[in-house]
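Notes to accompany the following structure.
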Amino acid sequence: MSRSVLFVCLGNICRSPMAAAVAHYEFAHAGLDWQVASAGTGNWHVGQCADPRAADCAGAAGFALDQHRGRQVQIDDFHRFDWILAMDQANLRELKALAPANASAQLGLLLQVAGTAPPDEVPDPYFGGRDGFDAVLSLLREAIARLPQRL
Ligand code: 4NP
């Protein structure tokens, strides 16, 4: 069955664009025609390209982020997507606060839904170094490879 998945972080320039690029590859590789997208709970980076560190890190592993432009979570997303998967607890709290009463999307933490937790959260790499981005990519790859069996 077809699925649509929205990956959500704070700024939509680091973690969730990387997650969407990995998922785009993994789902296609698994023969699934699933829709993927990403968004941020914050609005600071709307319309912007992915963080260059995220683009370098993901690009080196074959996941291109060139086409990415930041966008903020919209109320419509709670009706358009089957799953909305947050990178951390703060993102999930924001999503729950925003969700309309008649939301059809299921909300969860990516690493819990994937069944790879602990850790429960994909740590925010924004204020750290390149090693943080590499760690994020490896958490994402392990978790997202399991989603076809879990969603
Ligand atoms: P992301 O990373 O949520 O993984 O995209 C961040 C990007 C920007 C900021 C924080 C985290 N910021 O504070 O602008």
Worksheet item: By how many nm would the segment from Ser4 to Lys96 grow when fully extended, if each residue of separation counts as 0.36 nm and the alpha-carbon distance is taken off?
Response: 31.3 nm
Discussion item. Rounded to the nearest 20 debye, what is the charge dipole size of the chain about its Cα centre when +1 sits on each Lys and Arg Cβ and -1 on each Asp and Glu Cβ?
Written reply: 200
Worksheet, complete the sentence: Given the candidates Leu109, Gly129, Cys57, the one whose Cα lies deepest towards the positive end of the charge dipole of the chain, counting +1 at each Lys or Arg C-beta and -1 at each Asp or Glu C-beta, is Leu109
Item to complete: Report the extension gain between Asn43 and Gln67 in nm, rounded to one decimal, defined as 0.36 nm multiplied by the number of residues separating them, less their alpha carbon distance.
Response: 6.8 nm
Response to the item:
Two pseudo-spin positions, 7 Å from Cα along C-beta at Glu142 and at Asp82, lie apart in nanometres by 2.6
Worksheet entry | Positive minus negative residues near Ala105 (Lys, Arg vs Asp, Glu; Cβ under 12 Å) | 0
Response to the item:
Diffing the range 105-112: the Karplus 3J(HN,Hα) column from phi (6.51, -1.76, 1.60, θ = phi - 60°), in whole Hz with x for Gly and Pro, holds 5, 8, 9, x, 8, 3, 5, 6
Practice prompt. Add +1 for every Lys or Arg and -1 for every Asp or Glu among the other residues with Cβ under 12 Å from the Cβ of Gly132, and state the total.
Written response: -1
Worksheet item: How much length is gained on full extension from Ala30 to Asp131, taking 0.36 nm per residue of separation minus their Cα-Cα distance?
Response: 33.5 nm
Worksheet item: Amide H of Leu109: which non-local residues (sequence gap of 5 or more, or other chain) have their own amide H closer than 5 Å, using H built in the peptide plane?
Response: Ala86
Practice prompt. With a 10 Å radius around each residue's Cβ, average the other Cβ atoms per peptide and rank 91-100, 31-40, 49-58, highest first.
Written response: 49-58, 31-40, 91-100
Worksheet item: Per-residue ellipticity at 222 nm for the chain, helices alone: DSSP H runs ≥ 4 residues times -39500 (n - 2.57), over residue total, nearest 500 deg cm²/dmol?
Response: -11500 deg cm²/dmol
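Just so you know, all these numbers are worked out from the coordinates, no wet-lab data involved. Note that the coordinates shown come from a computational prediction; the quantities given were computed from them, not determined experimentally. Cβ coordinates were reconstructed from backbone atoms using ideal geometry, including for glycine residues, and neighbour counts include every protein chain displayed.
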